[in-house]
Amino acid sequence: MKPRISKPPSAPLQYIDIIDERYGKLGYAPYRWALHTEPPPWVPLSKPLSECRLGLIASGGIYAAGQVAFHWKDDPSYRMIPMDIDSADLRTSHFAYDQTDARADINVVFPIDTLRRLTQEGVVGALTAHAFTFMGGIYSARRVREDMGPRITDALLEEGADAVLLVPV
Amino acid sequence: MSSALDITQAVNPPRAAFLDFPLGHTTGKPHDPELQRDILLDALKGFSAAVPGTVRMLPYRWDETEAWKTNESEKSDDRRDRHDTPQYQCEADRQLADASRR
């Protein structure tokens, strides 16, 4: 039997260059990308993940049916998604990615069923009562860092989060 | 999680897991719960990482050809307009939201 020769994986895309070029051609000034050269803040987990309560933050513009959807002009708001919600009740609202697959299966940008399964299996100890979602197409990183970020952090700490998974799009 | 390695490296978070999938698939492929579980299990191992700033390179490929990468780098601009009013996935959602607020 002939061996199956696979192509090696190709390099990850250089999104900073791609986006800079794309927007440069459209006449925009270059974007000031968030760049942190100092070491990141660091807290090791004090106990195994199987004993931790895990929070979830996602920026793919996920909202629940009945909630107000996001607008697309630097929306600074976030939604609280109950972590016992039926995933069929989740929606997306975002201008910067193709939402087709997220709308077919929300777990590709908001892994709620996956996390519930891993919690049931004991890989994760528990989940916070809510996940926190926003529409990540926000021009000002400073606004997120100084306003939305601390508010979501405080809310997750109030819900007893030991660790948080961030899922960007 | 990350689908954009260079952006994540610039941000330099405490821990990251990079999945080389098209944007909009940060945690997997639709209707593939086994792959979604493998991806997340792999990513969650990052919580035991000892070195701050480590980016785990997850070993999953979207498909054999990775043609999506060529398509992405050749796009000009396919974003939608930046509407400043709520953009619902469907009209029924808008009505539900309006009813909730009354």
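List of remarks:
- Selection count, region A:88-112, where residues are more than 7 Å from chain B (Cβ to nearest Cβ), over 14 Å from the mean Cα position of the chain (by Cα) and farther than 23 Å from B:R82 by Cα: 2
- Number of positions in region B:42-84 that are more than 17 Å from A:S10 (Cβ to Cβ), in a helix (DSSP H, G or I) and more than 16 Å from the chain's Cα centre (by Cα): 4
- Looking only at region A:40-56, and only at residues there that are in a strand (DSSP E or B) and out of contact with any helix residue (DSSP H, G or I) (no Cβ under 6 Å at 6 or more places or on another chain), the one that is nearest to B:S2 (Cα to Cα): A:L56
- Among the residues of region B:41-78, those identified as at the interface with chain A (Cβ under 8 Å from one of its Cβ atoms), surrounded by 13 or more Cβ atoms within 10 Å (Cβ to Cβ), in contact with a Lys or Arg (Cβ under 9 Å, 6 or more places away or on another chain) and not charged (D, E, K, R) are B:A43, B:F47, B:P52, B:G53.
- Scan of region B:79-102 for residues that are charged (D, E, K, R) and either more than 7 Å from chain A (Cβ to nearest Cβ) or at positive phi (or both), ordered by number: B:D81, B:E91, B:R94, B:D98, B:R101, B:R102
- Among (1) surrounded by fewer than 17 Cβ atoms within 10 Å (Cβ to Cβ); (2) over 25 Å from A:F95 (Cβ atoms); (3) at pLDDT 95 or above - the single one B:R102 does not satisfy: (3)
- Every residue from region A:64-81 that is in a strand (DSSP E or B), of a type outside the set (A, V, I, L, M, F, W, C) and either more than 20 Å from B:A92 (Cβ to Cβ) or at the interface with chain B (Cβ under 8 Å from one of its Cβ atoms) (or both): A:Y78
- Considering residues of region B:18-40 that are in contact (Cβ under 8 Å) with a residue 24 or more places away in the chain, under 13 Å from B:M1 (Cα atoms) and hydrophobic (A, V, I, L, M, F, W, C) only, the residue nearest to the other protein chains (Cβ to nearest Cβ): B:L23
- Restricting the first member to region A:17-39 and to residues that are within 11 Å of chain B (Cβ to nearest Cβ) and free of Cβ contacts under 8 Å to residues at least 24 places away in the same chain, and the second to residues that are part of a loop (DSSP other than H, G, I, E, B) and among the small types (G, A, S), the beta-carbon pairs closer than 8 Å and six or more apart or on different chains are A:R22/B:S76; A:K25/B:S76; A:P39/B:G53.
- Count of region A:64-88 residues which are of a type in the set (A, V, I, L, M) and either within 16 Å of A:M148 (Cα to Cα) or touching a residue at least 40 places away in the same chain (Cβ under 8 Å) (or both): 3
- Residues that are outside any helix (DSSP H, G or I), within 22 Å of A:L45 (Cα to Cα) and not small (G, A, S) within region A:124-167 comprise A:V124, A:L127, A:T128, A:H130, A:F132, A:E159, A:D162, A:V164, A:L165, A:L166, A:V167, listed in sequence order.
- Of all residues in region B:1-17, those satisfying the criterion of being at the interface with chain A (Cβ under 7 Å from one of its Cβ atoms) and either closer than 19 Å to B:K45 by Cβ or assigned to a strand (DSSP E or B) (or both) are B:M1, B:S2, B:L5, B:P13, B:P14.
- Just so you know, in region A:35-71 the residues that are under 19 Å from the mean Cα position of the chain (by Cα) and among the hydroxyl-bearing types (S, T, Y) include one that is nearest to A:I106 (Cα to Cα), and it is A:Y63.
The values are calculated or read from the model by the stated rules, or taken from the named source; none is laboratory data. Fair warning: this is a prediction, and the values are worked out from it, not measured in the lab. Positions of Cβ are generated from backbone atoms using ideal geometry, with glycine treated the same way; all protein chains shown enter the neighbour counts.
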